[in-house]
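First comes the structure, then the notes that go with it.
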Amino acid sequence: MTIDEITYKINGCAMKVHGSMGNGFQEVIYQRCLAIELAKVGLGFEREKEQVVYYEGEEVGTRRADFVVENQVMVELKAVINLEDVHLAQAKNYVVAYNLPIGLLINFGGTHLQFKKVFNSKIA
């Protein structure tokens, strides 16, 4: 399956969740719902996948992406009124930390679902 096919399916799952649940829930509720939908469409994923973060070769902590789908796409969820630059920066950092080519930032908090696609600038 290509990355475009994977992201298309993820976006479709997110739209189904938002259409059914609407806005106003905590992020973890949307995460659980999205896991159900991803499984229904046959996408392999890991939830809350932990990754070590390094600074100049030394471990400085860990971060958890909400999902890594098909070992190719990082998915970070939010449940805020509007996405801000800090959310986009976080998603970009995660996609680099996980060494994945692409990530999706999905916000369930608004009246309309918001999607942002982020790319790993360190992968040619």
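Within region 11-22, one or more residues are in a helix (DSSP H, G or I), among the basic types (Lys, Arg) and either more than 14 Å from Gln114 (Cα to Cα) or modelled with pLDDT of 95 or more (or both). Scanning region 37-46 for residues being part of a helix (DSSP H, G or I) and surrounded by 12 or more Cβ atoms within 10 Å (Cβ to Cβ) gives a total of 3.
Which of the residues spanning region 79-117 are of a type in the set (S, T, N, Q) and closer than 20 Å to Gly24 by Cα? Don't jump to the end; show me each part of the working.
Let us first name the residues in region 79-117 that are of a type in the set (S, T, N, Q), namely 82, 90, 93, 99, 107, 111, 114.
If the condition is that a residue be of a type in the set (S, T, N, Q) and closer than 20 Å to Gly24 by Cα, then Asn82, Asn107, Thr111, Gln114 are the ones that fit.
Residues that are surrounded by fewer than 16 Cβ atoms within 10 Å (Cβ to Cβ) and either aliphatic (A, V, I, L, M) or not in a helix (DSSP H, G or I) (or both) within region 1-10 comprise Met1, Thr2, Ile3, listed in sequence order.
Looking only at residues of region 103-124 that are without any contact (Cβ under 8 Å) to a residue 60 or more places away in the chain and in a strand (DSSP E or B), we find that the one that is surrounded by the fewest Cβ atoms within 10 Å (Cβ to Cβ) is Phe119. Scanning region 60-102 for residues that are touching a residue at least 40 places away in the same chain (Cβ under 8 Å), among the hydroxyl-bearing types (Ser, Thr, Tyr) and not in a helix (DSSP H, G or I) turns up just one, Tyr98. Checked across region 36-50, the condition of being more than 15 Å from the chain's Cα centre (by Cα), over 21 Å from Leu88 (Cβ atoms) and modelled with pLDDT under 95 holds for no residue.
Which is modelled with pLDDT under 90 and within 24 Å of Ile3 (Cβ to Cβ), of Val75, Val96, Val68?
On the way: Val75 fails: modelled with pLDDT under 90; Val68 fails: modelled with pLDDT under 90.
Just one listed residue meets the conditions, Val96.
The residue that is farthest from Leu104 (Cα to Cα), counting only those in region 52-93 that are crowded, with 17+ Cβ neighbours inside 10 Å and basic (Lys, Arg), is Lys78.
The values are calculated or read from the model by the stated rules, or taken from the named source; none is laboratory data. The structure presented is a predicted model; accordingly, all values stated were derived computationally and were not measured. Virtual Cβ from ideal backbone geometry, glycine too; neighbours counted across all protein chains shown.
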